[in-house]
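Presented below is the structure to which this report refers.
The values are calculated or read from the model by the stated rules, or taken from the named source; none is laboratory data. This structure is a prediction, so every number in the text was calculated from the model and none was measured. Note that we place each Cβ from the backbone using ideal geometry, even for glycine, and neighbour counts take in every protein chain shown. These area figures cover heavy atoms from the full protein model, side chains too; ligands, DNA and RNA do not enter into them. Shrake-Rupley method; radii C 1.70, N 1.55, O 1.52, S 1.80 Å.
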Amino acid sequence: MAEDPREILSEEERDVLQEVMNICFGNAAAELAEVIDIYVVLSVPTVKVISADGLPNYIKTEIRDYRDVSLIEQNFWSKFKGAALLVFSSGAGKALLSIIGGSQNEPTLKSDPLRILERETLMEVGNILVGACVGKVAELLGDVVSYSPPRLLVGNLDGESLSENILDARNIVIVMQAVFNFQDRDVNGYMFIITNHESIGWLKEAIHVFLKQYE
Amino acid sequence: MIFKQVVDMANIGIVILDRELYVRHWNNWMAMRTGIAKEKILGVHLFDHFPNLDNPRFLRNVKSTLTFGNYLFFSQKLHHYLFPMPAEGSLNMRFDKMQQSCTSYPLRDEDNRITHVCITVQDVTAIAAYEAKLLDMNLRDSLTGAYNRRFLAARLKEEIDRHKRYGRTLSLLMLDIDYFKNVNDTYGHHCGDSVLKSICEVISAMLRNVDLLIRFGGEEFCCLLPETDLAAAMILAERIRKSIEQEVFRFEGREIRLTVSLGVHELHADHDSPESLLRNADKALYRAKETGRNCVFCM
């Protein structure tokens, strides 16, 4: 039986996790700019604990200002295990394609419709963004993660489009979220890092280890 | 020892680079497909053999692996390939280079520091070829090989948007075979089909690479002509009309002569939509038909 979401993380643990996320996202953005020339601003992240079956509705409510969205999901696993979900505003693919550019090997084949290139570009940029943020969180908490390929979720944000492992209805999920914005481009969106009961034990422990450094 | 054998036997390419991008491992698969032997490439900078990879995009992705420990997936659709190699077998009809799906992974030392990057290379030429074929089948008329209306509907809007954005010209040519029903009634549908194919060949030979030929209906075709103003489109229409008038179509020993009527319209960026562009070209075609056929009209 699911526990009361509010009891999964104490208020202090949640604050610490939020601080961890804040440090990590800041580092991720700085290194993305410094090393990879991708300039992205990430808002101060928030941490929420909710039940898994309420997740689709929660996300829908959060992104209600967006009309047409592209959703990209990428799973990661290790002790820190879960899924990252990126919600891009419409037109993001086109704008990012102009930053990232097409294939360098040869002119784009005539048979490649632009839509496909935009979609693939979103996935590649998403891949970089998710890897930077998740990687930094894992690193700070002493873990090393593996990733599955990013995939584009089609249709609406309902139960079927999210990975089943996140949405096991009996579970509680921790949602860490931030708004991102690519500088000088009209591209913004939401990032949700969602982790479920399998990681909660480790996460609590890692938070306490992290806190000890300051004691 | 055991893992070394696995790496060399695996049916994927495995390349290991150090942080400065010098090649530290090159498995048999890579050696066989690229023709670059291990002895030749180990210890050499990757870009010495693959200058095509010396671009911001590849560097960004590899740095993302080296900096964040990210797994970076290079999709075939976006990159086509990282390491140029010939496509094997019959699939090189469509692709002269092997299509690849590549991934870069971080390799760490005992202290979890990332010391190397591993790139795996998977041959996805067959999948890419089937995908391209399916896409083609969905967008082309199976008899003539011209594009179908589904394609036109999608493309017309894109073309119009582009032409409006950059203030370029765009013309549409609508063509109908005169008295085509007679061909079918007199010689049968096989003959009609053969004539349709031949007419498409005649028209295609007169179009540029950027022009698009679409089978609009039974014996009705249209040509979308980017960067073409009305005067140039009229000249092309007249050339098409003349060529078909002079062409002798042959079917089972019979000689058949045909004519076509054409309507031409140039896009007016401020008030034309996909629908009105088609409608105006069609009106011009109607005028050509009314005027006695075998002629060209514009609105």
**OP:** With the condition kept exactly as written, say whether any residue in segment B:18-38 is under 25 Å from A:F76 (Cα atoms) and either touching a residue at least 24 places away in the same chain (Cβ under 8 Å) or out of contact with any Leu (no Cβ under 9 Å at 6 or more places or on another chain) (or both).
**Re:** yes
Subject >> Yes/no for A:N57 being part of a helix (DSSP H, G or I), within 14 Å of chain B (Cβ to nearest Cβ) and open to solvent by 50 Å² or more (accessible area, probe 1.4 Å) >> reply: no
Original post:
With A:S51, A:S43 as the choices, which residue is under 14 Å from the mean Cα position of the chain (by Cα) and open to solvent by 10 Å² or more (accessible area, probe 1.4 Å)?
Top reply: A:S43
Original post:
For segment B:100-117, which residues satisfy the criterion of being more than 11 Å from B:G69 (Cα to Cα) and more than 32 Å from the chain's Cα centre (by Cα)?
Top reply: B:D109, B:E110, B:D111
**OP:** Sort out which residues of segment A:118-140 are open to solvent by less than 20 Å² (accessible area, probe 1.4 Å) and over 21 Å from A:V179 (Cα atoms), and write them in order of number.
**Re:** A:E120
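How many residues are in a helix (DSSP H, G or I) and either buried (at least 18 other Cβ atoms within 10 Å of the Cβ) or not β-branched (V, I, T) (or both) if we restrict to segment A:60-101?
First, the residues of segment A:60-101 that are in a helix (DSSP H, G or I): A:60-62, A:92-100.
Still in the list and also either buried (at least 18 other Cβ atoms within 10 Å of the Cβ) or not β-branched (V, I, T) (or both): A:60, A:62, A:92-98, A:100.
Count: 10.
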**OP:** Sort out which residues of segment B:27-52 are open to solvent by less than 30 Å² (accessible area, probe 1.4 Å) and either in contact with a strand residue (DSSP E or B) (Cβ under 7 Å, 6 or more places away or on another chain) or facing chain A (nearest Cβ under 8 Å) (or both), and write them in order of number.
**Re:** B:N27, B:W29, B:M30, B:I41, B:L46
**OP:** Hey, can you tell me all the residues within segment A:142-151 that are more than 7 Å from every other protein chain (Cβ to nearest Cβ) and either part of a helix (DSSP H, G or I) or open to solvent by less than 20 Å² (accessible area, probe 1.4 Å) (or both)?
**Re:** A:D143, A:V145
Subject >> Candidates B:A129, B:A87, B:A146, B:A153 - the one that is in contact (Cβ under 8 Å) with a residue 24 or more places away in the chain, small (G, A, S) and open to solvent by 70 Å² or more (accessible area, probe 1.4 Å) >> reply: B:A153
Subject >> In segment A:142-162, the residues that are at pLDDT below 85 and among the small types (G, A, S) >> reply: A:G155, A:G159, A:S161
**OP:** Name the residue, out of B:P56, B:P106, B:P51, that is at pLDDT 95 or above and under 21 Å from A:E34 (Cα atoms).
**Re:** B:P106
Original post:
Restricting segment B:92-126 to residues that are open to solvent by less than 60 Å² (accessible area, probe 1.4 Å) and out of contact with any strand residue (DSSP E or B) (no Cβ under 9 Å at 6 or more places or on another chain), which is farthest from B:F221 (Cα to Cα)?
Top reply: B:A126
**OP:** Tally the residues that are open to solvent by less than 20 Å² (accessible area, probe 1.4 Å) and either among the polar types (S, T, N, Q) or outside the structural domain of B:I36 (by TED's automatic domain parsing) (or both), restricting the search to segment B:57-84.
**Re:** 4
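Answer yes or no as to whether B:V202 is surrounded by fewer than 21 Cβ atoms within 10 Å (Cβ to Cβ), among the β-branched types (V, I, T) and within 14 Å of chain A (Cβ to nearest Cβ). Please lay out each step first, then the result.
Details: surrounded by fewer than 21 Cβ atoms within 10 Å (Cβ to Cβ): yes; among the β-branched types (V, I, T): yes; within 14 Å of chain A (Cβ to nearest Cβ): no.
No.
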Original post:
Does segment B:245-274 hold any residues that are farther than 24 Å from B:N184 by Cα, in contact with a Ser or Thr (Cβ under 9 Å, 6 or more places away or on another chain) and open to solvent by less than 40 Å² (accessible area, probe 1.4 Å), and which are they?
Top reply: B:V264, B:H265, B:L267
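What are the residues in segment B:1-26 that are in contact with a His (Cβ under 8 Å, 6 or more places away or on another chain) and either open to solvent by 50 Å² or more (accessible area, probe 1.4 Å) or outside any loop (DSSP other than H, G, I, E, B) (or both), if any? Steps first, please.
Looking only at segment B:1-26, we keep the residues that are in contact with a His (Cβ under 8 Å, 6 or more places away or on another chain), and these are B:7, B:14-24.
Matches in segment B:1-26: B:V7, B:I14, B:V15, B:I16, B:L17, B:D18, B:R19, B:E20, B:Y22, B:V23, B:R24.
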Original post:
In segment B:179-196, what residues are crowded, with 19+ Cβ neighbours inside 10 Å and over 28 Å from the mean Cα position of the chain (by Cα)?
Top reply: B:V183, B:G192
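Quick one: in segment B:245-298, which of the residues that are of a type in the set (V, I, T) and in contact (Cβ under 8 Å) with a residue 60 or more places away in the chain is farthest from B:V195 (Cα to Cα)? Outline the logic, then answer.
Filtering segment B:245-298 for residues of a type in the set (V, I, T) gives B:248, B:256, B:259-260, B:264, B:291, B:296.
Still in the list and also in contact (Cβ under 8 Å) with a residue 60 or more places away in the chain: B:256, B:259-260, B:264, B:296.
Details: B:I256: 9, B:T259: 12, B:V260: 12, B:V264: 23, B:V296: 21 Å.
Looking at residues that are of a type in the set (V, I, T) and in contact (Cβ under 8 Å) with a residue 60 or more places away in the chain, I get B:V264.
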